[in-house]
Amino acid sequence: MKTPSGETISPSRFIPLAEKTTIIIEIEHFVMKTAMRDMLLLLEQNEDFLLSVNISVIHLLNENFITEFKQILELTGFPPERLEIEITESVLITSVERAIHVLTELKAMGISIALDDFGTGFASLSYLTKLPIDLLKIDKAFIDPITAGQSSRDFVAAIISMGHLLRFDVLSEGAEKEEQLEILRTLECDYVQGYVWGRPMSYDNVCKLLDGAETRR
């Protein structure tokens, strides 16, 4: 998001404010439509991608969420099996039963569910066994120190092992160094996300990156 003068506003500044009102729903509708349309163009080029979209608690638990979500899928023509919805642990202190109902409906549509920022909120083992999730995302706060000491590595290893025992895939967020990447590989983490791979970029720059990768094959 940018100001009229062109200054970029970080999501960390405006998202918390938007989440206090229903404005966040309008923002997330716009993001979903835009991302789905862009991703469809990549899928048409036979790129094997999964689109992951963050959904706020206030949006997920809104009584119109499923209806409006289906309308967006129909409008864009986006295949639900190529979509992953990310939720945070804060949903567990709002309405667990409602969240489970909505997530179950999404799963029935073929959509994958990820629990984002795991370890920073309110999730417990009992909730993890109830939520119909596919992917557990370990928060960056636990990944930052894994190069500094064995205890930090052991803690992350325990989360990964627990996730696998519950039949979840596990992703580590916020990896910025090759050393972190190597440790996470050793710990058999399924996926790694972070600046170690690259910075956020526009759709046009993604296309350029993919064209360059294709040329080097």
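The values are calculated or read from the model by the stated rules, or taken from the named source; none is laboratory data. A quick note: this is a predicted structure, and the numbers were derived from the prediction, not measured. Every residue, glycine among them, receives a Cβ derived from its backbone with ideal geometry; neighbour counts consider all protein chains shown.
Are any residues in region 1-32 of a type in the set (A, V, I, L, M, F, W, C) and modelled with pLDDT of 90 or more, and if so, which ones? Explain how you work it out, then say what you get.
Pass one, region 1-32, residues of a type in the set (A, V, I, L, M, F, W, C): 1, 9, 14-15, 17-18, 23-25, 27, 30-32.
I23, I24, I25, I27, F30, V31, M32 - these are the residues of region 1-32 that are of a type in the set (A, V, I, L, M, F, W, C) and modelled with pLDDT of 90 or more.
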Notebook entry, point to check: Does region 136-152 contain any residue that is part of a helix (DSSP H, G or I), without any contact (Cβ under 8 Å) to a residue 40 or more places away in the chain, under 28 Å from R82 (Cβ atoms) and out of contact with any His (no Cβ under 6 Å at 6 or more places or on another chain)?
Noted result: no
Next item on the list: Go through region 94-141 residue by residue and tally those that are polar (S, T, N, Q), surrounded by 14 or more Cβ atoms within 10 Å (Cβ to Cβ), closer than 20 Å to T67 by Cβ and at pLDDT 95 or above.
Entry: 0
Notebook entry, point to check: Out of the residues in region 69-93 that are acidic (D, E) and in a helix (DSSP H, G or I), which is surrounded by the fewest Cβ atoms within 10 Å (Cβ to Cβ)?
Noted result: E74
Check: Among the residues of region 114-127, is any touching a Phe, Trp or Tyr at 6+ places or on another chain (Cβ under 9 Å) and in a helix (DSSP H, G or I)?
Finding: no
Item checked: Candidate set: region 24-36, residues that are surrounded by 14 or more Cβ atoms within 10 Å (Cβ to Cβ) and without any contact (Cβ under 8 Å) to a residue 24 or more places away in the chain; chosen: the one nearest to I66 (Cα to Cα) -> I27
Notebook entry, point to check: Looking at (1) of a type outside the set (D, E, K, R); (2) under 18 Å from D116 (Cα atoms); (3) surrounded by 13 or more Cβ atoms within 10 Å (Cβ to Cβ), which is the only condition Y195 fails?
Noted result: (3)
Note to self: Filter region 39-62 down to the residues that are under 19 Å from T21 (Cα atoms) and either at pLDDT 95 or above or not in a loop (DSSP other than H, G, I, E, B) (or both) and list them by number.
What the structure shows: N54, I55, V57, I58, H59, L60
Check: Which residues, taken from region 37-52, are crowded, with 16+ Cβ neighbours inside 10 Å, among the hydrophobic types (A, V, I, L, M, F, W, C) and either closer than 11 Å to I85 by Cβ or touching a strand residue (DSSP E or B) at 6+ places or on another chain (Cβ under 7 Å) (or both)?
Finding: M39, L51
Note to self: Being part of a loop (DSSP other than H, G, I, E, B) and aliphatic (A, V, I, L, M) is the filter here; which residues of region 155-209 pass it?
What the structure shows: L166, A175, L187, V196, M201
